[in-house]
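One structure is given below, encoded as structure tokens.
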Amino acid sequence: MDFIIVDNYEEMSKSAAAIFVENVNKKPDTVLGLATGSTPERFYELLINEYKENNVSFENVTSFNLDEYVGISPKNSQSYHYYMNEKLFNHINLPSEQAHLPEGKTDHLQEACEEYEQKINTAGGIDLQLLGIGLNGHIGFNEPGTSFDQETHVVDLAPSTREANARFFDSIDEVPTKAITMGIKTIMQSKQIVLLISGEKKADCLYQLVNDPVSEDFPASILNQHPNVTIIADKAAASKINK
Ligand code: PGA
């Protein structure tokens with residue numbers, strides 16, 4: 001794993017945006033893996049700025065998001081469809097038919113998982129995957145205990161994840177109990193991975209990722225076995241590691 005340690009959240013976001021812009025410019029039909037959550041918000045703003053300044057075009061890019069809640073319509077403001085539209089897709093020239101998220105509002109969840117995995121394969125796999133990390137080590141919504149062999153699948157969200165995400169809802173009771181997520185196997189097939197981590201709250205998490213053995217108890221630990229991972233951490237998140 002390569003490490004880029006920067007001063008703060010803004011620098012982390014800039015560093016990630018520079019990597020993504022460079023990749024898309026080198027390979028305009030890049031397949032991107034995208035993430036939601038608080039961590040990449042500034043990163044998306046910077047990508048929009050780069051697009052507006054004509055430094056990058058997303059016209060030929062295809063994207064696949066990591067996850068989506070089950071049972072929430074794409075029009076619902078808590079859905080990850082909505083998040084991506086608001087924070088990125090509505091502001092750049094990525095054609096909507098090339099931007100994919102798992103379909104969480106369906107009676108046919110198993111088929112939706114299989115179709116999603118197939119679409120990723122048909123696109124040639126993910127070239128560059130963006131990841132955040134949950135306090136319990138989840139990547140996507142792959143909670144501790146998830147098999148490393150899983151492809152896109154339905155998960156029961158851990159109580160701690162529902163608590164962490166309750167800040168986006170009126171109450172914790174409204175946070176869905178299930179989600180669809182790319183599996184660890186899907187994520188590990190990405191050619192390149194960039195993981196963003198920011199803030200003192202995540203310092204223990206990064207310590208565990210770097211020092212603990214690879215184990216399904218801490219899903220992100222599998223990244224130690226991927227050949228091309230860059231971790232971009234701000235100083236606060238990196239305060240417990242020696243890099
Ligand atoms: P966050 O979420 O960026 O909102 O901290 C990360 C995650 O849970 O994967």
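Values in this text are rule-based calculations from the coordinates and carry no lab data. Here the structure is a predicted model, which means the values were calculated and not measured. Glycine also receives a Cβ, built like all others from the backbone with ideal geometry; neighbour counts cover every protein chain displayed.
Results, tabulated for the structure shown:
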item	result
Restricting segment 1-83 to trypsin sites (Lys or Arg not before Pro) in coil, as DSSP defines it, with at most 12 other Cβ within 10 Å	LYS75
Simple label model, 7 Å out from Cα along Cβ direction - VAL214 to SER77, nm	4.3
Proximal charge balance of ASN25 [Cβ under 15 Å; K/R count +1, D/E count -1]	-4
Residues with amide H under 5 Å from that of LEU195, placed H, sequence gap 5 or more	LEU131, THR230, ILE231, ILE232
Between segment 109-165 and segment 39-95, the Cα center-to-center distance that results, in Å	18
Sequence-distant residues sharing a close amide H with LYS178 (under 5 Å, placed H)	VAL70, LEU157
Gained length - SER160 relative to GLU115, 0.36 nm times residue gap less alpha-carbon distance	13.3 nm
Sites excluded, GluC sites (Glu not before Pro) in DSSP loops with at most 15 other C-beta within 10 Å, longest stretch of the chain	60-243
Max mean-square fluctuation residue, GNM over the chain, Cα-Cα springs under 10 Å, options ASN211, ASN228, ASN23	ASN211
Given LYS191/LYS243; LYS87/LYS202; LYS119/LYS191, the pairs whose alpha carbons are separated by over 28 Å	none
